[in-house]
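The values are calculated or read from the model by the stated rules, or taken from the named source; none is laboratory data. This one's a predicted model, so the numbers in the text were calculated from it and none came from an experiment. Counting neighbours? That spans all protein chains shown, and the Cβs are built from the backbone with ideal geometry, glycine included. The area values use the complete protein model at the heavy-atom level, side chains included, leaving out ligands, DNA and RNA. Shrake-Rupley method; radii C 1.70, N 1.55, O 1.52, S 1.80 Å.
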Protein chains: 2
Amino acid sequence: MDHLGRMRRLQEQLSQQRLDSFLVSQLSNIRYLCGFTGSAGALLLTERDRRCFTDGRYTSQARQEVKGAKVVVGRTPPLLAAAQWLGKHRRNSRSRTPQILGIEGEYLTVAAQKRLKDALPAGFRLREAPPLIERARMVKDTEEIQHIRAAVVVGASLFPTALETIRPGVRENEVAAVMEYAAHKAGAREMSFATIIAAGCRSALPHGRASEQPIPSEGFVVCDFGVILAGYCSDMTRTVYVGRVGEDARDIYEAVREAQQAAIETVRPGVTVGEVDRAARNLLKKCNLAKFFTHSTGHGVGLEIHEAPRVAAGQKEVLCPGMVITIEPGVYIPGKWGVRIEDMVLVTEHGREVLTPTSKQFTAL
Amino acid sequence: MDHLGRMRRLQEQLSQQRLDSFLVSQLSNIRYLCGFTGSAGALLLTERDRRCFTDGRYTSQARQEVKGAKVVVGRTPPLLAAAQWLGKHRRNSRSRTPQILGIEGEYLTVAAQKRLKDALPAGFRLREAPPLIERARMVKDTEEIQHIRAAVVVGASLFPTALETIRPGVRENEVAAVMEYAAHKAGAREMSFATIIAAGCRSALPHGRASEQPIPSEGFVVCDFGVILAGYCSDMTRTVYVGRVGEDARDIYEAVREAQQAAIETVRPGVTVGEVDRAARNLLKKCNLAKFFTHSTGHGVGLEIHEAPRVAAGQKEVLCPGMVITIEPGVYIPGKWGVRIEDMVLVTEHGREVLTPTSKQFTAL
């Protein structure tokens, strides 16, 4: 990974953003920038310096992982160690006062900000920085896309296992366990999120994590799952039907499938994510199902399972080559059932590539 | 669970804390208070009212789960919906201005606080509330202790599986996968954290999550793992030895074991957590190993794997019956090896009960 390049590009933006330094506290942003994967870290960027602060638990790990920044192991929490370092190494080259330290307002807590302020010497001021790293992370580089492709393939390989396991009477939990074991055997260190297996009327819960409930004799089973490989997440959903199929089940499934396809077909550079969302919603409107589509159409995926951009109504972010998003419309009839279909989609130079290789044909078990 | 009682006790503290209302945003605090387990929620407590705000994804789930509070499903993010509700239902009974809204400074981000301020009508002021909920959560009630006991037993049941799997050449990952599959079969919906299997020189990483590395022919293997059952976490560590055992391996193991035992023996009501930490550290000092004990001695466990109190040097929190903490000293010789031993310990009326049932005898495989 080009950690040094990522940090340098950020350092180059500092003066333009009128920041003297930038204190990165969000862990996956730290990982993105310098490779450190520990749970206690702060990355401080000034125009000239790149320092990754951590604590004694991570001495060896930080030295192994961090690229392009100096590792500082402190006895105080990393944010405070960074503040103390800044105090000791304040720039003398310019007389400008106050020195502006950029923080990540979406991640730094109110209490941590207060502690940081207290630890900084006089002459420093905090300013909420724009989401510079989140913007950089939206567009994946070649190496990231390779990791994502690998995660998608391993993720998709779990679906046949799910199909073999799903049958009336088997607990949702058990289906998830079998899938997760297969994921581990395939080399995934962890799942992207707690596997969702939501059967029968639980399929109407958009986030119905696998429960103790046995799969009923009839109804939809929503399977939403993904794996993390080399830090990168995959995310997919397929919905299958168990038992005797009625017309209404086929109709709702096909409506969701068409909505998902319509959204996929809008994906290309220059289109806003709001337009992608609208394509799915418009199709469901025609079937009088739009009011049961209660979440957004998708989200970016990368080091985190949910990252920018949000593919949601009214969002103005413009798609660019290298972005990886999910397209996952769903329809949920409370107390009855639900259907969701989700792929991961890479924005290419001239359009899109659906990364998820799995069939979306209506499947009855 | 006594959700209503928990919320009422908090409501009773509001006026004493000079708060007119309290906006709870931390998800496990919300779960603790009203039972809601979704990922988007805000719980608003006033002297008279208890409302749980969520969004359309969680309509059914919130109605099923929330006890003792009214569910409000909004189109805006839960925190903002709560702010709008406050604006509409401001108390007229007292003329006091401004109305003080308590927030959780350790969890609310700087940016969310700004959005919240912007969404509140004039006449409201935010104030960082003391950690009232964290304090309440430190002392577990009977039902919580039952859940924790169950999680500890299921967690401990994975260790024999680990012992059967650990042998030279098997990947750390594979050991973790086999344990996690066993956990799922035993009914655990998820692990408390990414299982740590750290073998050979990786055992010197206090947080060495299971990797692709095969277990070498000789050295320690640190196994740190836990499960979540009914929302409650377990956490335990055992360290075993693979290959031909030398005196130095036995010595370091016994030092850690004695340090852990010394810390356990200090646990009783009225003792500070700092004293518990000191007991472990003092013993390691005698063996000249204290400088290799680079983390704190333990932490509270409950709905979260790490919660108050921190069992660390200088911490003043006083142990009370019903607290559940880990005792987990470790010694890590960088580049060589490491040993950690961890139990969960319940503070009882007159002393302690070690919940973890697993032997701590030196084990060579």
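Remarks
- Taking the Cα atoms of segment A:3-133, the ratio Rg/Rh between the radius of gyration and the Kirkwood radius comes to 0.93.
- Rotationally averaged projected area of segment A:139-354 (alpha carbon convex hull; nm²): 10.8 nm²
- Cβ neighbours within 10 Å from other chains - mean over B:205-215: 3
- Sequence-distant contacts, meaning Cα pairs under 8 Å at least 6 residues apart, place the relative contact order of chain B at 14 percent.
- Placing a label point 7 Å from the Cα of A:THR76 along the Cα-to-Cβ direction, the distances to the matching points in the other copies come to 3.9 nm, shortest first.
- Charged-residue dipole, Cβ positions (Lys, Arg, Asp, Glu), segment A:139-354 about Cα centre, Debye nearest 20: 500 debye
- Amide H contacts for A:LEU319 (H built 1.01 Å from N in the peptide plane; partners 5 or more residues away or on another chain; cut-off under 5 Å): A:GLY270, A:VAL271, A:THR272, A:VAL273.
- Solvent exposure of B:LYS114, expressed as accessible area, is near 120 Å², computed with a probe of 1.4 Å over the protein chains only.
- Residues considered: B:GLN61, B:GLN26, B:GLN261. Largest GNM mean-square fluctuation over chain B, using C-alpha springs under 10 Å, is found at B:GLN61.
- Using a probe of 1.4 angstrom and keeping all protein chains present, the accessible surface of segment B:139-354 works out to 36 square angstrom per residue.
- The alpha carbon centroids of segment B:207-256 and segment A:20-97 are separated by 30 Å.
- Karplus-derived 3J(HN,Hα), 6.51/-1.76/1.60, for each residue of segment B:66-73, Hz, glycine and proline x: 5, 10, x, 9, 7, 8, 10, 9
- Coordinate range of the alpha-carbon atoms in segment B:261-365 per principal axis, descending: 40, 32, 25 Å.
- Scalar couplings 3J(HN,Hα) for segment B:188-202, obtained by applying the Karplus form with A = 6.51, B = -1.76, C = 1.60 to θ = phi - 60°, are 7, 6, 7, 7, 5, 6, 4, 3, 9, 10, 10, 10, x, 6, 5 Hz; x denotes Gly and Pro.
- Accessible-area order (highest first, 1.4 angstrom probe) of the listed residues A:SER359, B:SER25: A:SER359, B:SER25
- When chains B and A come together, the accessible area they lose, probed at 1.4 Å and totalled over both chains, is close to 3500 Å².
- By accessible area with a 1.4 Å probe, ligands and nucleic acids excluded, highest first: order of A:ARG48, A:ARG340, B:ARG75, B:ARG9: B:ARG75, A:ARG48, B:ARG9, A:ARG340
- Pseudo-label separations to other copies for B:SER217 - Cα-to-Cβ vector, 7 Å, nm: 6.0
- Alpha carbon Rg of chain A, scaled by the compact-globule rule 2.2 N^0.38 Å: 1.12
- Taking the accessible area of chain B, probe 1.4 Å, and keeping the other protein chains in place, the carbon and sulfur fraction comes to 49%.
- Multiplying the residue separation of A:ALA364 and A:GLU128 by 0.36 nm and removing their Cα-Cα distance gives an extension gain of 79.8 nm.
- About the centre of its Cα atoms, the protein assembly as shown shows a dipole size close to 2600 debye [charges on the beta carbon of Lys, Arg (+1) and Asp, Glu (-1) only; nearest 20 debye].
- The amide H of A:LEU355, built 1.01 Å from its N in the peptide plane, has A:MET344, A:VAL345, A:LEU346 as neighbours under 5 Å, considering only residues 5 or more places off or on other chains.
- Accessible heavy-atom area order of B:MET191, A:MET7, highest first, probe of 1.4 Å: B:MET191, A:MET7
- Shown for A:ASP118: label points 7 Å from Cα along the beta-carbon vector, and their distances to the equivalent points in the other copies, 2.9 nm in ascending order.
- Sum of side-chain charges, B:ALA308 neighbourhood, beta-carbon under 11 Å (Lys, Arg +1; Asp, Glu -1): -2
- Under 5 Å, built H, 5+ apart or other chain: amide partners of A:ARG171: A:ILE215
- More than 20 angstrom apart: percent of Cα pairs within segment A:120-240: 50 percent
- Over all pairs of different C-alpha atoms in segment A:22-73, the reciprocal of the mean inverse distance, the Kirkwood hydrodynamic radius, equals 10.4 Å.
- Stokes-Einstein diffusion of the protein assembly as shown at 25 °C, 0.890 mPa s viscosity, Kirkwood radius from Cα pairs, rounded to a whole number: 90 µm²/s.
- Using heavy atoms of the protein chains and a probe of 1.4 Å, the accessible area assigned to B:ILE100 is about 20 Å².
- Virtual paramagnetic centre 7 Å along Cα→Cβ of A:ASP141, amide N under 18 Å, in segment A:277-319: A:302-304
- The charge dipole of segment B:1-137, taken about the Cα centre with unit charges on the Cβ atoms of Lys, Arg (+1) and Asp, Glu (-1), comes to about 360 debye, rounded to the nearest 20.
- Rolling a 1.4 Å probe across all protein chains gives B:THR109 an accessible area of roughly 20 Å².
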